[in-house]
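The values are calculated or read from the model by the stated rules, or taken from the named source; none is laboratory data. It should be emphasised that the depicted structure is a prediction, and the values quoted were computed from it without experimental measurement. Heads up, the Cβs are rebuilt from the backbone with ideal geometry, glycines too, and the neighbour counts pull from every protein chain shown. SASA here: full protein model, heavy atoms, side chains in, ligands and nucleic acids out. Shrake-Rupley method; radii C 1.70, N 1.55, O 1.52, S 1.80 Å.
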Amino acid sequence: MSEPQDKSPLIGPEKQYFDFLHGGTLKLQQCRQCSRFAFPPRGHCVHCDSADLQWAAPSGFGSVYSHTTIGRKPESGGDYSVVLVDLAEGVRMMSTVVGIAPREVQVGQNVKASVVLTDGVGKVVFERV
């Protein structure tokens, strides 16, 4: 039996983003023309259409824009939060808040991003500041 093939391998900026994450680092694209950040990764700046993008480490600071709690049975890992976070750099990311009960997450709450690695796979999570 042959190995299953990935039907949608990552390429370009999206692959670079995940390579950084899997290495334990959060980097976002920043335009060299207008200096604004862009997320998700793409080939051109969404603000000025320049293709001159570089990778830069964001501060990671942000605030919760929206949230919900996903209920799961304890044997399936228990409840968890899903949040939209507005980063100080002007982009919005979807993730989860760790370190507090999901129902304690509030709109406007200050958070900071970090990268957690599980079996070599990086994921952005947020913690309350």
Could you state the accessible area per residue of the chain in Å², with a 1.4 Å probe and every protein chain left in place?
63 Å²
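Given Cβ point charges of +1 (Lys, Arg) and -1 (Asp, Glu) and nothing else, what value in debye, to the nearest 20, does the dipole of the chain about its Cα centre take? List each step's numbers first, then the result.
Numbers: 13 positive and 13 negative charges, 47 e Å.
With Lys and Arg at +1 and Asp and Glu at -1, about 220 debye.
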Place a label point 7 angstrom from the Cα of ILE70 along the Cα-to-Cβ direction, then list the residues of the stretch 87-129 whose backbone nitrogen is under 12 Å away.
95-97
In Å², nearest 10: area of ASP79 left accessible to a 1.4 Å probe:
70 Å²
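For the chain, what % of the accessible area comes from carbon and sulfur atoms, probe 1.4 Å? Could the numbers behind the result be given before it?
Working: 4040 of 8090 Å².
Reported share for carbon and sulfur atoms: 50 percent.
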Once you place label points 7 Å from the Cα toward the Cβ at CYS34 and ARG128, how far apart are they in nm?
3.6 nm
Kirkwood estimate for the chain, i.e. one over the average of 1/r between Cα atoms, Å:
16.1 Å
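Hey, can you rank 114-120, 11-17 by average C-beta count inside 10 Å, highest first? Please list the in-between numbers first.
Details: 114-120: 10.6, 11-17: 13.6.
Most protected by this proxy first, the peptides run 11-17, 114-120.
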Fluctuation leader among GLY99, GLY24, GLY90 - the chain, Gaussian network, Cα springs under 10 angstrom
GLY99
Expressed as a rounded percentage, what relative contact order does the chain have, with Cα pairs under 8 Å and six or more residues apart?
22 percent
Helical mean residue ellipticity (222 nm; -39500 (n - 2.57) per DSSP H run of 4+; nearest 500) of the chain:
-2500 deg cm²/dmol
